[in-house]
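J.: The structure that follows is given in the form of C-alpha cells.
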Amino acid sequence: MTKFTDLKLDARVLQAIAEAGYETPTPIQAGAIPHALEGRDVLGIAQTGTGKTASFTLPMITLLGRGRARARMPRSLVLAPTRELAAQVAENFDIYAKHTKLTKALLIGGVSFADQDKLIDRGVDVLIATPGRLLDHFERGKLLLTGVQIMVVDEADRMLDMGFIPDIERIFQLTPFTRQTLFFSATMAPEIERITNTFLHSPARIEVARQATASETIEQRLIELTPTRKDQSSKQKRELLRAVITAEGEACTNAILFCNRKTEVDILAKSLKTHGFDAAPIHGDLDQSQRMKTLDGFRDGSLRFLVASDVAARGLDIPAVSHVFNFDVPSHAEDYIHRIGRTGRAGRKGVAITIATPADKKYLDAIESLVKMEIPRGAIPEGFAISEAAQKAPKPRSEKPGRDGDRRGERKDRRERPVKPHGEMAPMQAVEAGTVTAAPEAPVERESRREDRREERREPRREPRKSEERRSEEPRREERRSEEPRREDRRGEGRRSEDRRGEDRGGEDRRDRRKDGDRREAPVVGMGDHVPDFLMRGLPERSDG
C-alpha cells in the first residue's frame, strides 16, 4: 500500500502530514501527487470527500520550496468558487506548510481591500482567491499574474454552475503560457471538457471513481410526501422533517439541511429554532463574518444543524457530519452528489435523506438517471400526522406599512370614517380628517348669525331726510352690489335660499322694511334705478361723404 513517504514530498511537508495524523494517501492523492511533482498538468476527477484539496496543496508546497516571491506577483494561484472553500484551502495550506517559510494571501469578498493590498504588496508565494475578487484587484492595478508558475482550479464544475467560466477563461489568458495547471472537478460537463482541451497541455487524467457516483459509505433514503394543499406544501414538509429528525434520535449528532432558495433557508432555520432545534442558516446573502462564525460553530460542535443553500454543498471539509437532509430536491442532478457528499467522508458512515413531493418527479428521474440507481424509499415516521394548521389555507399577508410605519393604515381608516355634520365638527378638524369638500360653508352660517345679532342690538334709526337719502343711496347700492356676489360665491347655489332665511331669522322682515319705505335693504335687480348718462347717449350718425 502506498504511503505519503513514498511520494517524494519535501521532508518538512511529510513532518506536517504526520503531525496531522495522516499516513496513507487517498486514491486521488496517490494518483495526482506524483504527476504534479513532475511538473505535468493534472486533470483530477473524483467525487467529493476524497481529499482533492491535499492533492494540489502538498505538491505545491514542495515545488515552491525553492524561490522567493516578488511584490504584487504571486508565484502560484488557487481559484475556488466560494468564500468558504477558499478559506478552507487556506486552512489546509497553514496545516501543511507550517514548517516552511512560504507566505499566502486570501482574496475573498466581505474583507477590506486595504488589508488584502498590504499582503499582496509584500509578495506572496500562494494566492488563494475567488474569481470575482481576484479580477477586482487586477483591474485596480494592484496585482500582476505574469509570475504565476502553478495554477489550480478547484471544483471546476461548481464554477460552471455559478457562471464563473468567462472569468476563468480571462484569468487563464492573464497567466503565463508556461504555467503548470492542476484542474479538479467532480463531474465533467461538456463546457469543462472544452476548457481543459483549450488550456491544459497533455494533462495526466486521474479518475479514481466513476463520474457522478456517491460514496458507498452513505446510506441514501427517499421519503415521499403528498401534500393535502399545494399552497401549504412547504409547511407540511417542515413538519415531516422535524418528525424524521426526531425519529433518527441520537444517531443524528449533527446534520446539514439543504434548500434550493435562500429565502427557504431562512424560513427553515427560523422554524427549527422555534421548535427547539439548534439551527442556523448559511447562504450567499449573509455577511462573510457571520458565515464564518456559523461554520466555525458547526465544526466545533456548538451548532447541531446547519441550514444551507448550495453555497455550502461543494468542497467544505467537515468530516464528522452524520446526516444530510435534502429539504428540497435539487434542480440540478449533479448537486445531489455534492450535497450528500458532505456526509460519509474519510471512510465514515453517513445518512442522506431526501424529502420529495409529486412535483419533484422530473428532478428525481434526472438524479436516478445520473447515479444509475433507484434511491431506496423510506417510510414516513410512525405516528406522524399533518397538523390542522398545515391543512388550512395560509393566512393572507397583511399590507406592508410605508416608511411612516402604520400611518398608511391610519389614513385609510380616516378616509373610511363617516363625515360628521358641519355644525358638529370644527373646520380645522374637518381638514385633518380629509373632509374638506363642504367645510367652507360653516363659517358662512356663523357670519350670518353675527349679522343677525348685530341687527338685534342696533338702535332704531331715525327716518332720513330725502336729500340725505339721495346722497347716501348710490354708494350703498354700489356696496351692496359688490357684497352680494361674494356672499353668493361662498354659500353656493344649493344653500342660497336657506342662508337668506337664516339671515332674516333674528331681525326685521325685509318685506316689512320695504313696506315702511326703507329702500336700503331692497334687493338690487340689474343696475337699479340709476343709469349712467353715457349709456343713454346715441351713436353719431355715419356720414356717407
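The values are calculated or read from the model by the stated rules, or taken from the named source; none is laboratory data. As the structure is a prediction and not an experimental result, all values here were calculated from the model. Cβ sites come from the backbone with ideal geometry, for glycine too, and all protein chains shown count toward neighbours.
J.: How many residues, within region 110-152, are loosely packed, with under 13 Cβ neighbours inside 10 Å and in contact (Cβ under 8 Å) with a residue 60 or more places away in the chain?
T.: Residues meeting the conditions: 1.
J.: When you go through ALA11, ALA20 one by one, which is the residue that is loosely packed, with under 14 Cβ neighbours inside 10 Å, farther than 17 Å from PHE93 by Cβ and of a type in the set (A, V, I, L, M)? Show your work before the answer.
T.: Working: ALA20 fails: farther than 17 Å from PHE93 by Cβ.
From the options ALA11, ALA20, the qualifying one is ALA11.
J.: Which residue pairs have Cβ atoms closer than 9 Å, lie 6 or more positions apart in sequence or on different chains, and pair a first residue in region 30-48 that is over 22 Å from PRO319 (Cα atoms) with a second residue that is part of a loop (DSSP other than H, G, I, E, B) and among the polar types (S, T, N, Q)?
T.: ARG40/SER202; ASP41/SER202
J.: Okay, moving on. Of the conditions (1) in contact with a helix residue (DSSP H, G or I) (Cβ under 8 Å, 6 or more places away or on another chain); (2) closer than 25 Å to ALA129 by Cα; (3) in a helix (DSSP H, G or I); (4) of a type outside the set (Val, Ile, Thr), GLU91 clears all except one; give me its number.
T.: Result: GLU91 fails condition (1) only.
J.: From the list ILE367, ILE340, pick out the single residue that is in contact with a helix residue (DSSP H, G or I) (Cβ under 7 Å, 6 or more places away or on another chain), at pLDDT below 95 and within 24 Å of ASP157 (Cβ to Cβ). Show your work before the answer.
T.: Values: ILE340 fails: in contact with a helix residue (DSSP H, G or I) (Cβ under 7 Å, 6 or more places away or on another chain).
When all the criteria are applied, what remains is ILE367.
J.: Moving to a separate point now. Can you name the residue in region 299-312 that is closer than 24 Å to ALA54 by Cβ and buried (at least 24 other Cβ atoms within 10 Å of the Cβ) and is also modelled with the lowest pLDDT among such residues? Step through it out loud before you land on a result.
T.: Taking region 299-312 as the starting set, the residues that turn out to be closer than 24 Å to ALA54 by Cβ are 299-301, 306, 308, 310-312.
From what is left, the residues that are buried (at least 24 other Cβ atoms within 10 Å of the Cβ) are 306, 308, 312.
Numbers: LEU306: 94, ALA308: 92, ALA312: 59.
Here the answer is ALA312.
J.: Does region 177-200 hold any residues that are modelled with pLDDT of 90 or more, out of contact with any strand residue (DSSP E or B) (no Cβ under 8 Å at 6 or more places or on another chain) and part of a loop (DSSP other than H, G, I, E, B), and which are they?
T.: Hits for region 177-200 are PHE177, THR178.
J.: Condition (residue is part of a loop (DSSP other than H, G, I, E, B), within 36 Å of the chain's Cα centre (by Cα), over 20 Å from ALA16 (Cα atoms) and charged (D, E, K, R)) applied to region 54-69: is it met by at least one residue? It would help to see each step written out before you state the result.
T.: Looking only at region 54-69, we keep the residues that are part of a loop (DSSP other than H, G, I, E, B), and these are 64-69.
Right, trim to within 36 Å of the chain's Cα centre (by Cα) and you get none.
The answer is no; no qualifying residue exists.
J.: Still on this structure, please answer the following. Return the pair list, or none, for Cβ contacts closer than 6 Å from residues in region 248-276 that are in a helix (DSSP H, G or I) to residues that are among the basic types (Lys, Arg), at least 6 apart or on different chains.
T.: The qualifying pairs are SER271/ARG238.
J.: So, in region 63-76, how many residues would count as being at pLDDT 90 or above and surrounded by fewer than 23 Cβ atoms within 10 Å (Cβ to Cβ)? Working first, answer last.
T.: First, pick out the residues of region 63-76 that are at pLDDT 90 or above: 63-64, 73-76.
Within this subset, residues satisfying the condition of being surrounded by fewer than 23 Cβ atoms within 10 Å (Cβ to Cβ) are 63-64, 73, 75.
Matching residues across region 63-76 total 4.
J.: For VAL324, which of the numbered conditions (1) in a loop (DSSP other than H, G, I, E, B); (2) buried (at least 23 other Cβ atoms within 10 Å of the Cβ); (3) modelled with pLDDT of 95 or more fails to hold?
T.: (1)
J.: Would you be able to say whether some residue in region 312-327 is hydroxyl-bearing (Ser, Thr, Tyr) and either closer than 23 Å to ALA86 by Cα or without any contact (Cβ under 8 Å) to a residue 40 or more places away in the chain (or both)? Break it down into steps so the answer makes sense when it comes.
T.: Taking region 312-327 as the starting set, the residues that turn out to be hydroxyl-bearing (Ser, Thr, Tyr) are 322.
The next check asks that each one be either closer than 23 Å to ALA86 by Cα or without any contact (Cβ under 8 Å) to a residue 40 or more places away in the chain (or both); those that pass are none.
Within region 312-327 (the criterion being hydroxyl-bearing (Ser, Thr, Tyr) and either closer than 23 Å to ALA86 by Cα or without any contact (Cβ under 8 Å) to a residue 40 or more places away in the chain (or both)), the answer is no, since none of the residues qualifies.
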